[in-house]
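Report on the following structure.
What follows is calculated from the coordinates using simple rules that are stated; it is not laboratory data. The model shown is predicted, which means the values in this text are computed figures rather than measured ones. FYI the Cβ positions are ideal-geometry reconstructions off the backbone, even for glycines, and counts take in every protein chain you see.
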Amino acid sequence: MRAMPFEYSGKVIELQGRLDAFMREHVYPHEGTFHRQIAAGDRWQPTAIVEELKPKARAAGLWNLFLPESEYGAGLTNVEYAPLCEIMGRVPGFGPEVFNCSAPDTGNMEVLVRYGTEGQRRQWLEPLLAGTIRSCFAMTEPDVASSDATNIQSRIERDGDSYILNGRKWWTSGAGDPRCRIAIFMGKSDPKAAKHAQQSMILVPMDAPGVTIRRMLPVFGYDDAPHGHAEITFDDVRVPAANMLLGEGRGFEIAQGRLGPGRIHHCMRLIGVAERALELMCARVQQRVAFGKTIAEQGTIRADIAESRMAIEQARLLTMHAAHLMDTVGNKTARGELAMVKVVVPRMALRVLDRAIQAHGAAGVCDDFPLAAMWAHSRTIRLADGPDEVHREAIAKLELRKVPAAPL
């Protein structure tokens with residue numbers, strides 16, 4: 001059994017304190033401002049409040065906290081980043097963006113750091129790190145079950161010193177933002193190659209001719225503006241051959257490198273969501289009176305609070321264990337634990353949110369509190385970066401390999 005030293009260093013404790021103070025002073029008080037600004041103007045334009053807070057976060061040294069083992073980030077390990085990601089995740093609408101730590105940009109920046117050429121990094125990574133542009137990841141397709149990425153049918157075909165792209169993508173998160181300048185596009189470059197060598201990834205400028213955003217897709221009625229989730233068509237889009245990432249046929253290799261950190265970051269943020277929901281529930285039930293006593297004095301509510309606390313702690317420990325393995329033995333060896341947290345944490349967050357909504361009564365399902373929007377967002381994470389079913393299958397296969405067919 002490997003030791004799991006989760007004690008935070010002095011550096012991390014200091015960053016936690018500064019980040020928590022920044023959230024309390026600048027982010028929580030402006031959640032309402034953020035939503036009012038979206039409602040008052042063009043929903044698909046950046047909000048003034050987020051743009052005002054970004055320079056403050058950068059000046060406070062709370063910028064680009066992700067990217068472990070990289071000269072570009074804060075030099076934190078996955079274990080060190082986890083509690084910070086959790087704090088930012090407590091405000092899922094815009095919290096991580098204030099610190100330039102939001103998806104899908106973090107994952108795309110990791111791809112460029114790991115697999116990009118010097119020219120690709122200079123053109124796209126540097127402005128992403130500066131927060132002057134945003135990005136999207138075009139992988140999922142409406143016409144196939146994209147949980148099996150070998151199904152992806154979009155084409156990437158060589159034509160001289162260019163590639164021609166054709167395909168239809170959807171749930172391309174972040175594409176609605178006018179600052180979104182670059183997409184990482186996954187498509188089939190060689191249908192005759194080995195099964196996992198058919199796909200490639202390539203960088204596509206969003207203003208390239210033939211790139212068309214067809215519609216923005218709501219999530220349980222939320223459009224997530226100005227971020228959004230787009231359906232996009234790529235019709236004879238020509239991009240330079242130099243935009244290819246890593247090389248033809250290496251799309252699955254890139255995907256595995258990208259999705260591991262992306263999955264655990266989702267889970268770190270969701271633990272923050274669950275913590276916030278539990279706090280809101282505890283505050284609400286101590287304020288409201290029913291049948292002559294506060295709701296907090298009712299046995300069923302107290303049981304819900306206890307179950308929520310236990311579930312959060314279990315999920316956090318599993319997430320920290322996966323982060324520890326990523327740091328010590330690598331993402332590939334940690335793939336079982338990454339699959340586990342990707343199933344366990346969203347389920348946990350949804351259960352905690354459901355209890356918090358129930359404790360708030362009718363107020364829990366409207367926008368007076370953030371719980372309904374949190375639930376809608378959290379439910380998508382059971383599908384994003386692979387559905388539960390795929391991860392459970394991976395976990396089962398790994399377990400079966402550990403045990404011989406003959407009984408011991």
Give the peptides 133-141, 366-374, 109-117, 287-295 in descending order of average Cβ contacts within 10 Å, highest first.
133-141, 109-117, 366-374, 287-295
So which lysines can Lys11 reach, going by Cα to Cα under 26 Å and dropping same-chain residues fewer than 8 places off?
Lys54, Lys56
Rank by packing, highest mean first: peptides 166-174, 152-160, 352-360, with packing defined as the count of other Cβ atoms within 10 Å averaged across residues.
352-360, 166-174, 152-160
Out of [x] 22.7; [y] 27.0; [z] 43.4, which label holds the value of mean projected area of the Cα convex hull in nm² that was computed here?
[x]
Rounded FRET efficiency, nearest 0.05, which uses the C-beta distance separating Thr150 from Ala208 and R0 of 22 Å
0.25
Residues other than Glu399 with Cβ under 14 Å of its Cβ, Lys/Arg counted +1 and Asp/Glu -1, net out at +3
Cα-Cα over 23 Å: which of Lys342/Lys397; Lys195/Lys332; Lys332/Lys397; Lys192/Lys397?
Lys192/Lys397
Expected sort for Arg214, Arg351 with the fewest Cβ neighbours (10 Å cutoff) up front is Arg214, Arg351
Using the crude model of +1 on Lys and Arg Cβ and -1 on Asp and Glu Cβ, and no other charge, please compute the dipole size for region 94-207 relative to its Cα centre, in debye to 20.
140 debye
Give me the extension gain from Gln314 to Thr33: residue separation times 0.36 nm, minus the current Cα-Cα distance, reported in nm with one decimal.
97.7 nm
Ordering of 8-16, 386-394, 226-234 by burial proxy (mean other Cβ atoms within 10 Å per residue, highest first)
226-234, 386-394, 8-16
One would report the Cα pair-distance distribution of region 10-130, bin width 10 Å, in %, as 13, 43, 32, 12, 0
Scoring the chain by relative contact order with C-alpha pairs under 8 Å, at least six apart, yields a percentage of 14 percent
Within region 284-351, list the GluC sites (Glu not before Pro) lying in a DSSP loop whose Cβ has at most 14 other Cβ atoms in a 10 Å radius.
none
For the pair Arg18/Ala406, report the inter-label distance in nm, with labels modelled 7 Å from Cα in the Cβ direction.
6.0 nm
Once each part is reduced to its C-alpha centroid, what is the distance from region 307-328 to region 41-90 in angstrom?
22 Å
Mind listing the long-range amide H neighbours of Ala138? Cut-off is under 5 Å, sequence gap 5 or more, other chains count too, H placed in the peptide plane at 1.01 Å from N.
Ile184, Phe185, Met186
In debye to the nearest 20, the charge dipole size for the chain, taken about the Cα centre with +1 at each Lys and Arg Cβ and -1 at each Asp and Glu Cβ, equals 600 debye
Which one, Val273, Cys366, Val289, projects farthest toward the positive side of the charge dipole computed for the chain from Cβ point charges (K/R +1, D/E -1)?
Val289
